[in-house]
Amino acid sequence: MSLTKCLSAIVASLFVFGLPAPAFAQEGGSIRGVVTYEINDNPLPHVLIQLVQLRRTTETAEDGSFEFVNIPPGVYTITTHREGIPDVARTVTVGAGQTATVNFRLRLTGPREQVTVTASGIEEATFEAFSSVNSVDSISLTEESHPALGEVLEKEPGVAKRSFGPGSARPVIRGFDGDRVLVLKDGMRVGSIGSQSGDHGEPIDVLSLERLEVVKGPATLLYGSNAIGGVVNAISRDEQSSHAGLRGYFSGLGGTTNGYAGVSGGIDYGYKNFLFWGNGTGQRTGDYNTPLGRIPNSKSRVGSGEGGFGYFGEKGFFSASYSYDKRRYGIPFAGRFEHHHDDDDDHDDDDLRASAFSGGPLNLQQQNGDDHDEDGEEEQIDLDMRRRNFRVSGGFRNVDSFISGIRVTLDFTSYRHRELEGMEVGTVFDNRIFSYRTQFDQRAYKRLNGRFGFEGFTREYETVGAEQLITGPVDQTMFAVFGLEELSFERLRFQLGGRLETNRYRPADPTLPSRNFTGFSGAAGVRIGLYNGGAFLVNYTHSHRSPALEELYNFGPHIGNLTFEIGNPNLRRERSDGVDFSFRHSTRRARFDATVYQYNIKDFVFLAPVDEDGDGEIDFEDGLPVAEFLQSDSRFVGADLSGSFDLNQYFAVNLGLDVVNAQLKEGDTPLPRIPPARGRLGLEARYKGFSFRPEAMFVKDQERVFPTETRTAGYTVFNLISSYTIARPHYLHVFSVNAFNLGDRLYRNHLSFIKDLAPEIGRGVRFSYTIRFF
């Protein structure tokens, strides 16, 4: 085909998919509507309504009505926000001199149009986002009611949990774990070390959140090179505006099988443009039961709180907050690994190795009968975690210039956890991190809009004690500049972005080399509107990841990962090229999102077993298998799907599916702890304020295993969530019952470091009650 014909075809395609919207110079239109509860059609006053593209906001009146006037013709996204009620997004077209009507009937449970702020840095509908996003609202977080972040998210398509017991459960996204999954709090790094070890959790209080957002796939452009697998963003509150008067919530929770109990409450008070807020949460669990018996030392305790104030004017805003999180949880069976590590010459490791690394599981009677101390009790290993955080944020918005908004955030986190061996402190981990971020929002110019900025952090990391894997402290600094631009036509949108990032490591130990890493990440995407409510998306990403601190410098027995780890200070940065294909459908009766993806990662860092003597057996040191960090090319291929279909106003069907195949290209060796294929089928029956939601989870066996792994059998688990809601204009009561593993099925999580020793939780029920007042 000639160049002229190629150009003609491109122009014709743009004409078909990109017919321009009416010019902005034409007469303006208006948008009006009413917001009500779906369950009883009562109006909702004081709901914040935002016109996203123009950054204009208003509140609904006592009758639930709202209106925007003098709106330039075009296509806009409108979002709703009210504390404790899931945010909703809608798309509306405004014609010259016309009035568009958009009514919202807010649904408190079940599928709905969702909102994300993580995917692109501004609020938008998940249907409109280029990235694949899961958004879990506060009502669902309370119904699930787990202290650990991974436990809350494991039912989401594309998300599994890694754990060393329930207290340490952490999300795994599309098979990516550890440093490749970035956990944020309101868009900033949490500052924990949950990525470094299987027994380290995340200090996130899920009961105080407005929602949890999971961006699946590379999110390196806006948040960092280590977000090569995805991002989990815990959103605690809306920071757009103040409100008049007092608002708040209180939740009480309890459950069987692990003795769960929890309370959470918070209030905020607005006066003119000022807002003051505070919240606190306490949770506890005991040792959990399985069909084989109780799992010893699987308990947890959590206490957290936050307070702050802010000023939110029409053009400028400022806020400051302080939060504190304190938790302690047991590490089941870690005592026996520590026991063998301390004195492996006087104990027979055969049963331990068989159960933990290569053979079938021991029964709990065997487990509880072996490896006890002189008093007949196995030494307990607990993790005592503490996080303090100070944050200041401010900026300008609705500025009449090329830069329409600026947000500056300064964040300091002091994180410490102690690994307790009985009553003694074994190891202390300190991580202090000062982060800063500045984002500039561009004023939309015709069809072009975007945002850009810079961010960075300085980090001081040190371990002291028995599990001191790095001698002396290590300082890390990061600095990056980023940009994300969108070009929008009527049925066609393009997105282009880039990020340049540098990481520097400076260990105090003179025998360890300093390392510098600099790399560029870029992405390009296209979104084609196939029809009203249907879209096809293609995203290409090129990203890099600097090796993590532990991958470079660790050396010694690491109980949390069940290995004697040998770091590699000569590691190169990872480089990933990936492509995602997505199809989305969203109408009032049906919502559907399916994505297939492939990522090719050059110089992928992984722990490889060591066999120095060449006898065909993995070397053991201090009772643990020896493994060193090596690099090889890898491939991740998979798909995830979510769907919901309203059969009528009373019944709905919910579907979920995810599968991932990940391996080293050399020898086609499967990578460790890759989640098996899973499916989810749920039904929902609803009538007025009552909701009844049975579901079945189908998990395939995992036979594609790394050389040090064991096969995990497949299983089916049945759950049921039922809730009753009393909804009034100024308050909301939600009663819920969550019955899980109704068949008391014995099953194991393939991503658990102790899966061959500890099955998952047995049959149980959780209860919760929440009141919210507005």
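A few notes on this one:
- Unit charges at the beta carbon, dipole of the chain: most positive-side option, Asn539, Ser576, Gly679: Asn539
- Accessible area per residue in Å² at 1.4 Å probe, computed on the chain: 39 Å²
- Surrounding net charge for Ile406, when Lys and Arg each add one and Asp and Glu each subtract one, Cβ distance under 9 Å: +1
- Short-range pairs are left out: with C-alpha atoms under 8 Å and at least six residues apart, the relative contact order of the range 683-735 is 34 percent.
- For GluC sites (Glu not before Pro), the sites in the range 573-657 that DSSP calls loop and that have at most 13 other Cβ atoms within 10 Å are Glu612, Glu617.
- Equivalent ellipsoid semi-axes - Cα gyration tensor, the range 457-559, angstrom: 43, 15, 10
- Taking the DSSP bridge list for the chain and keeping only pairs wholly inside it, about 95 percent are antiparallel.
- Within a straight-line Cα-Cα reach of under 14 Å, Lys688 can be paired with the following aspartates and glutamates, leaving aside sequence neighbours fewer than 8 residues apart in one chain: Glu38, Asp41.
- Nearest-0.05 FRET efficiency for Val425 and Ala244, computed from C-beta distance (R0 51 Å): 0.55
- ³J(HN,Hα) computed for each position of the range 707-719 - Karplus, 6.51 cos²θ - 1.76 cosθ + 1.60, integer Hz, glycine/proline x: x, 8, 9, 10, 5, 10, 6, x, 6, 10, 10, 10, 10
- In the structure shown, the pairs Lys185/Lys299; Lys185/Lys326; Lys326/Lys755 are assessed against 22 Å; a Cα-Cα span above that value is assigned to Lys185/Lys299; Lys326/Lys755.
- Counting only aspartates and glutamates at least 8 places from Lys446 when in the same chain, those with an alpha carbon closer than 18 Å to its own are Glu27, Asp400, Glu485, Glu486, Glu490.
- Chymotrypsin sites (Phe, Trp or Tyr not before Pro) within the range 605-682, DSSP loop, no more than 16 other Cβ atoms inside 10 Å: Tyr650
- Cα lying deepest toward the dipole's positive end in the range 692-774, options Thr710, Tyr769, Ala758, charges on Cβ: Tyr769
- Gained length - Val408 relative to Val765, 0.36 nm times residue gap less alpha-carbon distance: 124.1 nm
- Helical contribution to [θ] at 222 nm, DSSP H n ≥ 4, -39,500 (n - 2.57), averaged over the chain, rounded to 500: -2000 deg cm²/dmol
- For the chain, size of Cβ-based charge dipole, Lys and Arg +1, Asp and Glu -1, in debye: 5100 debye
- When the Cα positions of Val69, Ile235, Ala696 are compared along the charge dipole of the chain, Val69 comes out farthest toward the positive end, with charges on each C-beta of Lys, Arg, Asp and Glu.
- The dipole here belongs to the range 200-327: it is taken about the Cα centre, uses +1 on the Cβ of Lys and Arg and -1 on the Cβ of Asp and Glu, and is about 320 debye.
- Each of Arg728 and Leu681 was given a label point 7 Å from its Cα along the Cα-to-Cβ line. The distance between the two points is 4.2 nm.
- Remark: the range 19-141 carries a charge dipole of roughly 180 debye about the Cα centre, counting +1 on each Lys and Arg Cβ and -1 on each Asp and Glu Cβ.
- Acute angle (nearest 10 degrees) that the helix 3-17 long axis makes with the longest principal axis of the chain, alpha-carbon atoms: 80 degrees
- Derived scalar couplings ³J(HN,Hα) [the range 508-519; Karplus, 6.51 cos²θ - 1.76 cosθ + 1.60; whole Hz; x for Gly, Pro]: 6, 5, x, 7, 9, x, 6, 9, 10, 9, 9, x
- Protein accessible area in the chain, 1.4 Å probe - carbon and sulfur %: 56 percent
- Over all orientations, the range 250-293 has a Cα convex hull whose mean projected area works out to 3.7 square nanometres.
The values are calculated or read from the model by the stated rules, or taken from the named source; none is laboratory data. All of these numbers come straight from a predicted model, not from anything done at the bench. Backbone-built Cβ (ideal geometry, glycine too); neighbour counts: all protein chains shown. Just the protein is used for accessible areas: all its heavy atoms, side chains included, with ligands, DNA and RNA removed. Shrake-Rupley method; radii C 1.70, N 1.55, O 1.52, S 1.80 Å.
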